[in-house]
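This report refers to the structure that appears directly beneath it.
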Amino acid sequence: MKYFLIIIFLFVGSIMVAQEDKSTKRLSDSLSRPQKPDSFKIKDKEDPLEVTIKDYKIISFARDTTYLDTTLTVQKEYKYNYLRRDDFELISFSNIGQTYNKLGADFERNDFYPHLGANAKHYNYFEIQDVDYYNVATPMTDLLFKTTLEEGQLLDAMLTFNTSPRLNFSIGYKGHRSLGKYNSDQIQSGNFETTTNYVSKNGRYTLRAHIAAQDILSQENGGLAEKELQFESGDPEFIDRRRVDVRLDDADNKILGKRYYLDHQYKLVRKRKDSSFIEKTSLSIGHVFNYETKYYQYQQATNNDYFGEAILSSINDKATLKTFYNQFSASFYNRTLGSLKASINLYNYDYFFDSVFITTSGETIQNQLAGNEIALGGDYKKQIGDFKIDGSFKYNLSGELSGSIFDANVQYDINVNNKVKFSVHSSSRMPDFNFLLYQSEYLNYNWQNTDNFEKERINSFQFILDSKALGSVSAKYTNLDNYTYFGLNPLVDIAVGLENANIKPLQNSESISYLKVKYAKEFRLGKFALNNTVMYQSVSQDEQVFNVPQLVTRNTVYFSSDVFKKAMFLQTGITFKYFTSFNMDAYNPLLGEFYVQNTEELGGFPLLDFFINARIKQTRIFLKAEHFNSSFSGYNFYAAPSYPYRDFVIRFGLVWNFFS
């Protein structure tokens, strides 16, 4: 399938003219050098058509509409990575696409229900909220290519087209493979999605739907076996990372998921103001359907004492989750009163393993959690002058997993260059399924906590000021109750090196207070610019169960200019990133999760990247020397205990859009 898609994209591209990235245009983008939006004519003998880039619309899950942004800015440099989003609050493991450790956290939930788990393997997994829909004037292709480490590459290709102005389709595939520098470190993934977006001729019926099929496969080496001798010493013999000993050589884990999603609504009543197309009042009914199957699997040819005692010689652990969701809603809109929506939500889940497990002490661990949840929901939106108000809630009527979720936002547009926003979030629900029930061939990885754990409660308040003159500042205060995490078994004296044999899901009974303040501002002098992002964090807790660095900073000095008689726009500069040392979470490959450790402080090292980026017409070309200071600033750059960040590497690629 993937080769067939690539052939289609290349064929379509050969008859089209270029452009860019799905990135949304933000206020911060406008701080960089302004570039003229693209406009071009598409000639037809009967009906010549002139379109601009604003005719290629991107519609998010929240129904926010933006347009394709073809400019080259430093924000595009930050987003040109495996995730295609700014990874300021993350630090990557050595191989591309392996996983990321957190440098900051956001606890606001998009979903009302628990997830499968294996969260360290989900960074590249497209959830419902990550899928965009399109409304385009003509067929358009978005193509991203980037080199990886050793064998492999990253290719993200998407084609969107319409059969009429009211019916749009898209089809995309993101394929990735990277062998990595260390032994048993290969990563490969595939993300396929296809979407449709439809509006009837009279505007009464709207539909959007998508199908997604995704798999992420990782070889797991367990980290460095002799990190002091073979890595931190800087011994030239081990600069070739293939010579470095790792803990595992026959293990891998996998995430595989398939999803079918449909969202449609019909307007029963629709009144327009006079003879214009401005809608005055409407009454609609709607339906949302989602069916998803997903499993996480850990396989190992021969068991290893690294995870403790095992039942069988070979390991094949598999957790499966099947969910079925329906929402039925009624919506009322009035220009004076605003938009109001009421809904009933039906959720069916089935999380299971192959068989019941009986421990050596005679305890029975079930192989399934299954049930139904019923919840009421509501949404409200209204704009009053320069104020924008929106809110939503869901409240569980029946079922054990969920409790409630509430979000409210108020935004005030002071003027075109200055905005302020206040947000409130409150939610309660059970932890992810792998905290509640898990089974493994390894004896210490079997548990059932459905009667022991309480619902996690999250309350947060956020203030955002977005100003062209002053910069962007956000301050968020979060309070956590019943915070659930993976950590070392407190009932066991654990010897050094045997931590992964004693990992347990734990729940903190005390409240945790978390403050995060983030500031971003760019300063310009002629063709030179200094782009800055700084984040300060503070955590108040009785037990040290949530760890983040106190300070994270990223500073980019760069030069921008037209060259070759304005045939090319060039940006080149150096990015410096630094975070203070802290007790980084450790990684557990069997669970595909991070766990809390408080014995080893890591961080406090600089990351320096040099980049040269260019825009030729609508094509953007990227060249970067990543972590070029790795050989002379000390071999202490870890992304997690025993898992280094990557060494110096030069990578390149491009983002290219084609239009018919």
Taking only the stretch 289-313 into account, find how many residues are surrounded by fewer than 18 Cβ atoms within 10 Å (Cβ to Cβ) and free of Cβ contacts under 8 Å to residues at least 40 places away in the same chain.
-> 4
Enumeration of residues in the stretch 622-658 that are more than 26 Å from Gln98 (Cβ to Cβ) and either out of contact with any Ser or Thr (no Cβ under 6 Å at 6 or more places or on another chain) or assigned to a loop (DSSP other than H, G, I, E, B) (or both) = Asn657
Could you list all residues from the stretch 596-623 that are of a type in the set (D, E, K, R) and either open to solvent by 40 Å² or more (accessible area, probe 1.4 Å) or farther than 30 Å from Asp69 by Cα (or both)?
-> Glu600, Glu601, Lys617
Filtering the stretch 158-192 for residues that are in contact with a Gly (Cβ under 6 Å, 6 or more places away or on another chain), over 30 Å from Lys227 (Cβ atoms) and buried (at least 21 other Cβ atoms within 10 Å of the Cβ) leaves a count of 1
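Rundown of residues vs (1) farther than 23 Å from Arg554 by Cβ; (2) touching a Leu at 6+ places or on another chain (Cβ under 9 Å), yes/no style:
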{"site": "Ala469", "(1), (2)": "no, no"}
{"site": "Lys476", "(1), (2)": "no, yes"}
{"site": "Asp481", "(1), (2)": "yes, no"}
{"site": "Thr484", "(1), (2)": "yes, yes"}
{"site": "Pro490", "(1), (2)": "yes, yes"}
{"site": "Glu499", "(1), (2)": "yes, yes"}
{"site": "Phe523", "(1), (2)": "no, yes"}
Members of the stretch 120-154 found to be among the hydrophobic types (A, V, I, L, M, F, W, C), open to solvent by less than 40 Å² (accessible area, probe 1.4 Å), within 19 Å of Ile187 (Cβ to Cβ) and in contact with a Lys or Arg (Cβ under 9 Å, 6 or more places away or on another chain), listed by number | Leu144, Leu149, Leu154
Can you tell me which residues in the stretch 340-364 are touching a Leu at 6+ places or on another chain (Cβ under 7 Å) and either among the hydrophobic types (A, V, I, L, M, F, W, C) or more than 25 Å from Ser398 (Cα to Cα) (or both)?
-> Ile344
Do the conditions hold for Tyr638, that is, is it of a type in the set (Ser, Thr, Tyr), open to solvent by less than 10 Å² (accessible area, probe 1.4 Å), over 28 Å from Ser170 (Cα atoms) and at pLDDT 95 or above?
-> yes
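Check Gln214, Gln265, Gln230 and return the single one that is assigned to a strand (DSSP E or B), at negative phi and either of a type in the set (Phe, Trp, Tyr) or over 21 Å from the mean Cα position of the chain (by Cα) (or both). First the steps, then the outcome.
Details: Gln214 fails: either of a type in the set (Phe, Trp, Tyr) or over 21 Å from the mean Cα position of the chain (by Cα) (or both); Gln230 fails: assigned to a strand (DSSP E or B).
When all the criteria are applied, what remains is Gln265.
Can you tell me which residue in the stretch 330-362 is least open to solvent (accessible area, probe 1.4 Å), limited to those that are closer than 24 Å to Leu268 by Cβ and within 27 Å of the chain's Cα centre (by Cα)?
Once the filter is applied, the top-ranked residue is Asn345.
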Any chance you could count how many residues in the stretch 176-198 are more than 15 Å from Tyr261 (Cβ to Cβ), of a type in the set (Ser, Thr, Tyr) and assigned to a strand (DSSP E or B)?
-> 2
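Find the strands (runs of 3 or more DSSP E) located wholly in the stretch 456-541 whose residues include 1 or more that are among the small types (Gly, Ala, Ser), in contact (Cβ under 8 Å) with a residue 24 or more places away in the chain and surrounded by 15 or more Cβ atoms within 10 Å (Cβ to Cβ), and list them. Walk me through it before giving the result.
Details: elements: 456-467, 471-481, 484-488, 503-507, 512-525, 528-540.
In the stretch 456-541, 456-467, 471-481, 484-488, 512-525, 528-540 are the strands (runs of 3 or more DSSP E) which contain 1 or more residues that are among the small types (Gly, Ala, Ser), in contact (Cβ under 8 Å) with a residue 24 or more places away in the chain and surrounded by 15 or more Cβ atoms within 10 Å (Cβ to Cβ).
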Just one of (1) in a loop (DSSP other than H, G, I, E, B); (2) within 26 Å of Lys254 (Cα to Cα); (3) open to solvent by 40 Å² or more (accessible area, probe 1.4 Å) trips up Lys201, so point out which.
-> (2)
Looking at (1) surrounded by 14 or more Cβ atoms within 10 Å (Cβ to Cβ); (2) in a strand (DSSP E or B), find the lone condition where Asn316 falls short.
-> (1)
Among what's in the stretch 461-502 and is modelled with pLDDT under 95 and β-branched (Val, Ile, Thr), pick the residue that is farthest from Thr533 (Cα to Cα).
-> Val492
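Ser184 - would you say it is small (Gly, Ala, Ser), over 24 Å from the mean Cα position of the chain (by Cα) and under 30 Å from Phe652 (Cα atoms)?
Details: small (Gly, Ala, Ser): yes; over 24 Å from the mean Cα position of the chain (by Cα): yes; under 30 Å from Phe652 (Cα atoms): yes.
Criteria met by Ser184.
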Specify which of the listed residues (Gly385, Gly399) is modelled with pLDDT under 95 and surrounded by 14 or more Cβ atoms within 10 Å (Cβ to Cβ).
-> Gly399
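Hey, could you check the stretch 207-244 for residues that are among the polar types (S, T, N, Q) and farther than 30 Å from Gly190 by Cα and say which is surrounded by the fewest Cβ atoms within 10 Å (Cβ to Cβ)?
Quick first cut of the stretch 207-244, residues among the polar types (S, T, N, Q) only: 214, 218-219, 221, 230, 233.
Imposing the further condition that a residue be farther than 30 Å from Gly190 by Cα reduces the set to 230, 233.
Details: Gln230: 19, Ser233: 13.
Of everything passing the filter in the stretch 207-244, Ser233 is surrounded by the fewest Cβ atoms within 10 Å (Cβ to Cβ).
Here are Ile405, Ile365: which of them is in contact (Cβ under 8 Å) with a residue 24 or more places away in the chain, farther than 25 Å from Ser460 by Cα and surrounded by 15 or more Cβ atoms within 10 Å (Cβ to Cβ)?
Matching residue, one of Ile405, Ile365: Ile365.
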Quick one: what pairs do we get from the stretch 620-642, first residue on the phi > 0 side of the Ramachandran plot and without any contact (Cβ under 8 Å) to a residue 40 or more places away in the chain, second open to solvent by 10 Å² or more (accessible area, probe 1.4 Å) and outside any strand (DSSP E or B), C-beta under 6 Å, 6+ apart or different chains?
-> His627/Phe648
Given the residues Ser440, Ser423, which is the only one that is crowded, with 17+ Cβ neighbours inside 10 Å, at negative phi and part of a strand (DSSP E or B)?
-> Ser423
Candidates Ser631, Ser660, Ser581, Ser560 - the one that is open to solvent by 40 Å² or more (accessible area, probe 1.4 Å) and either among the acidic types (Asp, Glu) or at pLDDT 95 or above (or both) | Ser581
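The values are calculated or read from the model by the stated rules, or taken from the named source; none is laboratory data. What you see is a predicted model; the values in this text were computed from it and never measured. Cβ atoms come from the backbone with ideal geometry, glycine included; neighbour counts cover every protein chain shown. The accessibility values were calculated without ligands, DNA or RNA, using every heavy atom of the protein model including side chains. Shrake-Rupley method; radii C 1.70, N 1.55, O 1.52, S 1.80 Å.
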